[in-house]
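Just below is one structure, and these are the notes that go with it.
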Amino acid sequence: MIKSILPLSSIIALRFFGLFIVLPVLSVYALDLHGANTTLVGIVVGGYALTQMIFQVPFGIMSDKLGRKGTIITGLILFGIGSIFCAIADDILLLMLGRFLQGAGAIGAVVTATISDLVKEEQRPKAMATMGMAIGISFAAAMVLGPTISTFTGVESLFYLTAIIAFGSIFILIKFVPNPPQIIHSYPSDKQFIQVIKNKNLIKMNITNFLQKGLMTFAFMIIPIILIKTFHWEMGDLWKVYLPSMICGFLVMAPAAIIAEKKGKFREILALGIIFFAISYLIIGFSSSAAFFVVGVVIFFIGFNMHEPIMQSLASKFAKVHQRGLVLGIFNACGYFGTFIGGLLGGIFFQKVSLTALVITIAVICLIWIILILTMANPSKRKTLYVPLDRDSKENSDKLNNISEIDEWYINDTEQTIVVKYDSEKINEEIILNALKL
């Protein structure tokens, strides 16, 4: 599993590093460009997410039908070209175009779907947690390195670095990532889109990703501006708030993932993270000193990093094998739409509405969000059975369609196994094995 997951985790972590490294300084940098105002700056901060949102589902569908690797390469090329446009931008509109192109390389869902293809169901939580940890490390490194590097070499150098990372990731993909297994299933593909968008659990996960990413972008919109404009910090000092935030956030990632995955406490971890979001924004909104403001930022990233290792894994648990690209495409599209809206509304309302009113509104939204999460199904009751593919099991496999307690089944032709996902509270594996032997 490790040989398959580490290269993919490094690709997605490097890509996120390229996106994250400019976030701590982007709003202040963009505000000084020709033609800039806070609304346009908000679009620049969250603009990549708009094209991410638009292309997530097409990329996911393309990967389901045409293959994962080619789709990922296409996305990395677009991401690299967009980074070069950002690096050479001398006005706000060209920077905005570059950010839109960066976002057009929407490979997040495809990478996650590839990981789901390459590992067994019981190994998937560890694989997703590994990816989440890699993203968390890249996030922490970017928060520290972004302000530091830009102080010495300029923000433009961060975009050139991002382009190098994008094209280097293509080499990692081709050289070290194995091809996904060949899957045979009996599910019709013509109705899968309707099935996915009507799934209540996926709707709740999509809303969760939208709100989480929206609050993150709004935070990155206001944190550097308030610290520099209100508390008179220098850009090179921003690492002093991001470093402790990332350290504290990183420390909670592993315990949160273990409690969620091993103990089946997904809903509880998500709800606790939301509580941290509400508390952090209230502290940020009512801060009268830089020290108190920094405490609020630290609490925010603790909540954010509690969510990050389990979000993709939890969404994939509600997806059938032939829907993974589509499901994760919609899931990630909702997250990136939240990113865009967070930046846009942050730019619009930051100067028109008091910060205290904004954070009180956010706290109320978080309360409603918690109630929504607690009504979501617990996926830990679903089990997976692997049956060796022989003549009897292959001939009798269609009988599995008549067992209502089975969530899905398919044939992994590469590994010569039948994979059966079922509700362990309603049926045991002996009944399934007997059905395949008769």
Cα-Cα separations in the range 213-300 greater than 18 Å, expressed as whole percent: 47 percent
Three principal axis lengths of the range 240-399 [C-alpha, angstrom, descending]: 72, 31, 27
Dipole-positive endmost among Ser280, Thr162, Ile269 within the chain (Cβ charges, Cα centre): Ile269
Whole-number D in µm²/s for the range 295-379 (Stokes-Einstein; Kirkwood sum over Cα pairs; 10 °C, 1.306 mPa s): 104 µm²/s
Percent breakdown of C-alpha pair distances by 20 Å bin, ordered from the shortest bin, for the chain: 26, 56, 16, 2
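Using a 1.4 angstrom probe on the protein heavy atoms only, line up Leu6, Leu211 by accessible area, largest first.
Working: Leu6 90, Leu211 35 Å².
Result of the area sort, largest leading: Leu6, Leu211.
Mean shadow of the range 42-92, computed from the convex hull of its alpha carbons, in nm²? Let's see the in-between values first.
Details: hull surface 15.1 nm².
Projected area, direction-averaged: 3.8 nm².
Could you tell me what percent of the DSSP beta bridges with both partners in the chain are antiparallel, to the nearest 5? All intermediate terms of the calculation are to be shown ahead of the outcome.
On the way: 15 of 16 bridges.
Antiparallel: roughly 95 percent of the beta bridges in the chain.
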Per-bin percent of Cα-Cα distances, the range 1-41 [5 Å]: 6, 21, 15, 14, 12, 10, 8, 6, 5, 2
Leading residue at positive end of dipole, the chain (Cβ point charges), from Val364, Pro244, Thr148: Val364
Positive-pole candidate from Ala106, Gln212, Ile223, dipole of the chain, charges at beta carbon: Gln212
Ellipticity estimate at 222 nm from DSSP helix runs (n ≥ 4, -39,500 (n - 2.57)) divided over the chain, nearest 500: -24500 deg cm²/dmol
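Treating only the Cβ of Lys, Arg, Asp and Glu as charged (+1, +1, -1, -1), what charge dipole size does the range 1-99 show about its Cα centre? Round to the nearest 20 debye.
560 debye
How big is the equivalent ellipsoid of the range 366-438 along its three axes, where each semi-axis is √(5λ) from the Cα gyration tensor, reported in whole Å from largest to smallest?
Working: eigenvalues 202, 34, 16 Å².
For the range 366-438, the ellipsoid semi-axes come out as 32, 13, 9 Å.
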D (Stokes-Einstein, µm²/s), Kirkwood Cα radius, the range 1-81, 0.890 mPa s at 25 °C: 166 µm²/s
Surface per residue (accessible, 1.4 Å probe) for the range 87-154, Å²: 31 Å²
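Taking only Cα atoms of the range 228-274, what ratio of Rg to Rh do you get with Rh as the Kirkwood inverse-distance radius?
On the Cα set of the range 228-274, Rg over Rh gives 1.24.
Considering only protein heavy atoms and a 1.4 Å probe, what is the carbon-and-sulfur percentage of the accessible area of the chain? All intermediate terms of the calculation are to be shown ahead of the outcome.
Numbers: 11620 of 17620 Å².
Carbon plus sulfur share of accessible area: 66 percent.
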Reciprocal of mean inverse Cα separation for the range 71-166 (Kirkwood radius, Å): 14.8 Å
The chain: most fluctuating residue of Lys352, Lys69, Lys126 per GNM, C-alpha cutoff 10 Å: Lys352
Value of relative contact order over the range 82-173, rounded to a whole percent, pairs C-alpha under 8 Å and six or more apart: 34 percent
Of Val44, Val119, Val111, the one that fluctuates the most in a GNM where the chain has Cα springs shorter than 10 Å: Val119
The chain: most fluctuating residue of Ile77, Ile403, Ile222 per GNM, C-alpha cutoff 10 Å: Ile403
Straight-distance crosslink candidates among lysines, where the alpha carbon sits under 23 Å from Lys229 and sequence neighbours closer than 8 are dropped: Lys240, Lys352
Cα-centre dipole for the chain with unit charges at Cβ (Lys and Arg positive, Asp and Glu negative), debye to 20: 460 debye
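The values are calculated or read from the model by the stated rules, or taken from the named source; none is laboratory data. Only a predicted model underlies this, so the values are computations on that prediction, with no experimental measurement involved. FYI the Cβ positions are ideal-geometry reconstructions off the backbone, even for glycines, and counts take in every protein chain you see. Calculation scope for accessible area: heavy atoms of the full protein, side chains included, ligands and nucleic acids excluded. Shrake-Rupley method; radii C 1.70, N 1.55, O 1.52, S 1.80 Å.
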